[in-house]
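Visitor: I have a structure I would like to understand better, so I am pasting it below and will then ask my questions one at a time.
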Amino acid sequence: MNYAEALTFIHSRPRLHRGHELTWIKTFLAAIGHPEQQGRFIHITGTNGKGSVATMVTDMLLAAGLHVGRFISPYITRFNERIQVDGKDISDTDLAAATTHLADVLAGMQAANPDFALTEFEFDTALGFYWFAQQQVDVAVIEVGIGGAHDKTNVIQPDVSAITTVGADHLELIGPTLADVAREKAGVIKPQTPVVLGDIAAEQTQIITTAAQALAAPVAQLGRDFTVDHAHLHPADHAWQFDYHRGDQDWTKLRLPSISAYEVRNAAVAITVAQLYLHGRGKTLDQATAQAGLMAFRWPARMELLHEQPYLMLDGAHNVPAAQALIKSIKAAFPGVTVHLIAAFLKDKDATDMVRLYQRAGWLITATEFPDARILPVTDWPETTVPINHVANWQEALAVALQAASADDLILFAGSLHFVSTVRNTLLKEDDREI
């Protein structure tokens, strides 16, 4: 099959199994030679921040001279972004060839057992493991899709695991309580394998550390075992500066090219993960190498600034913790600036609480939509005491905001990563999702 046919095949896979077991993907991985058992892995989960941490870890290990794979979820512009080696997306030709091979194996298995099936994410995950094995990477950084214990990536024995945050998201799948979410994410912890914890509340931290202790897994916790301080934003060059401390390490004046306040703490988690991985391989991560990796950090659709006068920004905040972090970062980076929020939500998200947070922040809100079967229609948005504009077409909503905004205002798209990806791809004319 060619590239277009490969994408069609991938996207035609079912979305979900009836259960959460890992039987299907394990069976398929065995049939393609167990690529998940070849090479080394770093496994990263978290309600928010896992993508940023995975990116920073990858960049630091590349700066250290390693041959590094990275598997991310979801992608922003092209499916190829899901599977990267040394910072480069898998090529169209290689994706088509790898998909053809795995599809042939799957067809043979289904001929023998018509009930056998793989979801799209299972196939994507197997494709990533297969490609990393083919490329013989030194290490692959694997980002969890949803949860941890039952996520389809949880078939590896990593050298280091990380849990960035625990918050209210995907509760219908891994909830309903935050304690349930914490237990699910703790499923990435493996026996005697270091785990790094980010910004996690005390109650959920206790659940995770108890699980780690039962597996004799060493825990490195932000705020206890490593810290960041003296963080301040340099608005002119859109970069944060901060100090990092762990044990006898005192690294000062580290710089991160981001205007997102929350990325500083993600950077601390990433540094610790990279240090622990390299230490386990008999190597060290020095400050210069860590800094080189951090300076390579780019993360589209996360407080991504596309334009100035007025400011035009995209952020994938799609749950309450992410909304809270976004508000904090906007206040730090754009103090006193009027914010025009154009938001679209999916039906399974907590739109009511997010809208309340944005209104308390004093933002001017426009409810809108984008093409997605799971969209929350503007007619179903929660009622509020402060009026909200309703413009079903997001391009029209942008036109209205541009007319209302002054040169110093900020127009912000948020509410769903799928939404801001659509906006980004349209504005930058990069959308090839229908290929």
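Results for (1) among the polar types (S, T, N, Q); (2) modelled with pLDDT of 95 or more; (3) in contact with a Cys (Cβ under 8 Å, 6 or more places away or on another chain), shown as yes or no for each residue.
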{"position": "Leu233", "(1), (2), (3)": "no, no, no"}
{"position": "Phe242", "(1), (2), (3)": "no, yes, no"}
{"position": "Thr272", "(1), (2), (3)": "yes, yes, no"}
{"position": "Gly280", "(1), (2), (3)": "no, yes, no"}
{"position": "Leu285", "(1), (2), (3)": "no, yes, no"}
{"position": "Ala288", "(1), (2), (3)": "no, yes, no"}
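Visitor: If you don't mind, there's one more thing I want to ask. The conditions are (1) out of contact with any His (no Cβ under 6 Å at 6 or more places or on another chain); (2) in contact (Cβ under 8 Å) with a residue 60 or more places away in the chain; (3) more than 24 Å from Pro335 (Cβ to Cβ); (4) not hydrophobic (A, V, I, L, M, F, W, C), and Gly415 fails exactly one of them. Which is it?
Guide: (3)
Visitor: Which of the numbered conditions does Val320 fail, given that it passes all the others? Conditions: (1) among the β-branched types (Val, Ile, Thr); (2) open to solvent by 10 Å² or more (accessible area, probe 1.4 Å); (3) closer than 19 Å to Val423 by Cβ.
Guide: Unmet for Val320, out of (1) among the β-branched types (Val, Ile, Thr); (2) open to solvent by 10 Å² or more (accessible area, probe 1.4 Å); (3) closer than 19 Å to Val423 by Cβ: (3).
Visitor: Here's something else I'd like to know. Can you tell me how many residues in the range 172-200 are among the hydrophobic types (A, V, I, L, M, F, W, C), within 19 Å of Thr272 (Cβ to Cβ) and touching a helix residue (DSSP H, G or I) at 6+ places or on another chain (Cβ under 8 Å)?
Guide: Residues in the range 172-200 being among the hydrophobic types (A, V, I, L, M, F, W, C), within 19 Å of Thr272 (Cβ to Cβ) and touching a helix residue (DSSP H, G or I) at 6+ places or on another chain (Cβ under 8 Å): 6 in total.
Visitor: Quick one: in the range 28-83, which of the residues that are of a type in the set (Asp, Glu) and touching a helix residue (DSSP H, G or I) at 6+ places or on another chain (Cβ under 9 Å) is surrounded by the fewest Cβ atoms within 10 Å (Cβ to Cβ)?
Guide: Asp59
Visitor: Restricting the first residue to the range 133-151 and requiring it to be closer than 15 Å to Pro74 by Cα, which pairs with a second residue that is hydroxyl-bearing (Ser, Thr, Tyr) and assigned to a loop (DSSP other than H, G, I, E, B) meet a Cβ separation below 9 Å and a spacing of at least six or different chains?
Guide: Taking only residues 6 or more apart or on different chains, the pairs are Ile142/Thr153; Glu143/Ser73; Glu143/Thr153; Val144/Ser73; Val144/Thr153; Gly145/Ser73; Gly145/Thr153; Ile146/Ser73.
Visitor: Look at the range 110-130 and say how many of its residues are surrounded by fewer than 22 Cβ atoms within 10 Å (Cβ to Cβ) and touching a strand residue (DSSP E or B) at 6+ places or on another chain (Cβ under 7 Å).
Guide: Residues in the range 110-130 being surrounded by fewer than 22 Cβ atoms within 10 Å (Cβ to Cβ) and touching a strand residue (DSSP E or B) at 6+ places or on another chain (Cβ under 7 Å): 0 in total.
Visitor: Part of a helix (DSSP H, G or I), open to solvent by less than 50 Å² (accessible area, probe 1.4 Å), aliphatic (A, V, I, L, M) and farther than 21 Å from Leu62 by Cβ, is that true of Ile327?
Guide: yes
Visitor: Here's another thing I want to ask about it. (1) closer than 24 Å to Ala322 by Cβ; (2) open to solvent by 60 Å² or more (accessible area, probe 1.4 Å); (3) modelled with pLDDT of 95 or more: which one isn't true of Ile163, the others all being true?
Guide: (2)
Visitor: Moving on to the next point. Take the residues in the range 368-392 that are open to solvent by less than 60 Å² (accessible area, probe 1.4 Å) and in a strand (DSSP E or B); name whichever of them is farthest from Leu412 (Cα to Cα).
Guide: Ile375
Visitor: Inspect the range 408-431 for any residue being at pLDDT 95 or above, of a type in the set (S, T, N, Q) and open to solvent by 40 Å² or more (accessible area, probe 1.4 Å) and give the result as yes or no.
Guide: Within the range 408-431, not a single residue is at pLDDT 95 or above, of a type in the set (S, T, N, Q) and open to solvent by 40 Å² or more (accessible area, probe 1.4 Å).
Visitor: In the range 348-362, which residue that is out of contact with any helix residue (DSSP H, G or I) (no Cβ under 8 Å at 6 or more places or on another chain) and either on the phi < 0 side of the Ramachandran plot or in a strand (DSSP E or B) (or both) is most open to solvent (accessible area, probe 1.4 Å)?
Guide: Checking each candidate, the answer is Arg360.
Visitor: Related question: Quick one: which strands (runs of 3 or more DSSP E) lie wholly within the range 21-109 and hold at least 1 residues that are touching a residue at least 40 places away in the same chain (Cβ under 8 Å), over 25 Å from Ile163 (Cβ atoms) and touching a strand residue (DSSP E or B) at 6+ places or on another chain (Cβ under 7 Å)?
Guide: Qualifying strands (runs of 3 or more DSSP E): 83-85.
The values are calculated or read from the model by the stated rules, or taken from the named source; none is laboratory data. Treat the numbers as computed from the prediction; the structure is a model and nothing was measured. Cβ sites come from the backbone with ideal geometry, for glycine too, and all protein chains shown count toward neighbours. Side chains are part of the model used for accessible areas, which takes the heavy atoms of the whole protein and leaves out ligands, DNA and RNA. Shrake-Rupley method; radii C 1.70, N 1.55, O 1.52, S 1.80 Å.
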